[in-house]
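Here's the structure, in structure tokens; my notes come after.
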Amino acid sequence: AELVMVANFTSAKDHSTVITGISRMLDQGADVRITFVGDGPLREKAELVVPTRFRDKFCFLGKRSDVDLIIRGCSIGILLNSPGHAEGMSNSVMEYMAAGMPVVCTAAGGNKELVENRETGYLVEHSSVTGLVEALTSLINDPVGFASMGKAAKLKIEKNYSMEVMVQSYLRHYRALLA
């Protein structure tokens with residue numbers, strides 16, 4: 001499976017849990033590869049944590065302008081936040097879902113609104129290597145469920161977060177303010 005995490009390497013994002021989880025899966029014989037897109041002060045540290053024997057399974061691309069193309073070449077999107085950190089509506093999560101990918105992300109902030117656990121992806125607790133591994137393994141081992149989650153994710157974005165839907169929502173709010 002081709003996995004992707006689009007996130008800057010800062011203390012707010014939990015690349016460490018992802019690297020540990022993917023390494024555990026590789027130790028167990030899983031056929032996975034992960035691409036990290038993003039840069040930041042903790043990138044070098046993250047790269048050094050990758051076990052030498054698995055370096056070919058981890059790709060660090062840095063900052064890129066072709067993120068949409070990279071995402072479309074992957075099958076599962078990941079976004080883990082560090083404990084104490086959450087964000088609103090994550091662009092990365094929305095981009096994964098719009099591309100028809102199931103998502104595995106931290107059960108925090110706007111992720112809980114975007115991702116419906118076991119329907120459009122999986123929500124995992126902060127720093128939970130076990131939760132991450134279980135979610136990814138479930139997706140990889142269930143091709144029918146995997147495809148269903150990807151379709152549901154894409155539909156949710158189209159139905160609730162398309163440009164037209166968002167514009168209409170803003171117009172309703174503005175009209176209500178003027179009334």
Practice item. Given a cut-off of 21 Å, name the pairs among LYS13/LYS63; LYS63/LYS159; LYS112/LYS159; LYS57/LYS154 whose C-alpha atoms lie farther apart than that in the structure shown. Key: LYS63/LYS159; LYS57/LYS154
Exercise for review: Mind pulling the angle between the C-alpha long axis of helix 143-161 and the longest principal axis of the chain? Nearest 10 degrees, somewhere in 0 to 90.
Suggested key: 40
Review point. Simple spin-label model, 7 Å along Cα-to-Cβ: GLU125 to ALA147 in nm?
Key: 3.5
Review point. If contacts are Cα pairs under 8 angstrom and at least 6 residues apart, what is the relative contact order of the chain in percent?
Key: 21
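As a test of reading the structure, rank MET94, MET25 by solvent-accessible area (1.4 Å probe, protein chains only), most first. Don't jump to the answer; show the numbers that get you there.
Details: MET94 45, MET25 5 Å².
Ranked list, largest accessible area first: MET94, MET25.
Counting only other residues whose beta carbon sits under 14 Å from that of GLN28, what net charge do I get with K and R as +1, D and E as -1?
Neighbourhood net charge equals 0.
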Check your understanding: How much net charge surrounds MET149 when only other residues with a Cβ under 12 Å from its Cβ are counted (Lys, Arg +1; Asp, Glu -1)?
Key -> +1
Review point. Which whole-number value in Å² is the accessible area per residue of region 5-124, probe 1.4 Å?
Key: 45
Point to revise | Beta bridges per DSSP with both ends in the chain, % antiparallel, nearest 5 | key: 5
Check your understanding: Per the helix-only calculation at 222 nm, which mean residue ellipticity applies to the chain, given -39500 (n - 2.57) for every DSSP H run of n ≥ 4 and division by its residues, nearest 500 deg cm²/dmol?
Key -> -14500 deg cm²/dmol
Revision key, fill the gap. Full extension between GLU134 and ASN8 adds, at 0.36 nm per residue less the Cα distance, a length in nm of 42.9 nm
Check your understanding: Share of the chain's accessible area from carbon and sulfur, percent, 1.4 Å?
Key -> 53
Study note, to complete from the structure: Largest-first ranking of PHE60, PHE36 by accessible area, probe 1.4 Å, whole protein assembly kept, is PHE60, PHE36
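The values are calculated or read from the model by the stated rules, or taken from the named source; none is laboratory data. Just so you know, these numbers come straight off a predicted model, no measurement behind them. Reconstructed Cβ throughout: ideal geometry from the backbone, glycine too, with neighbour counts over all protein chains shown. Calculation scope for accessible area: heavy atoms of the full protein, side chains included, ligands and nucleic acids excluded. Shrake-Rupley method; radii C 1.70, N 1.55, O 1.52, S 1.80 Å.
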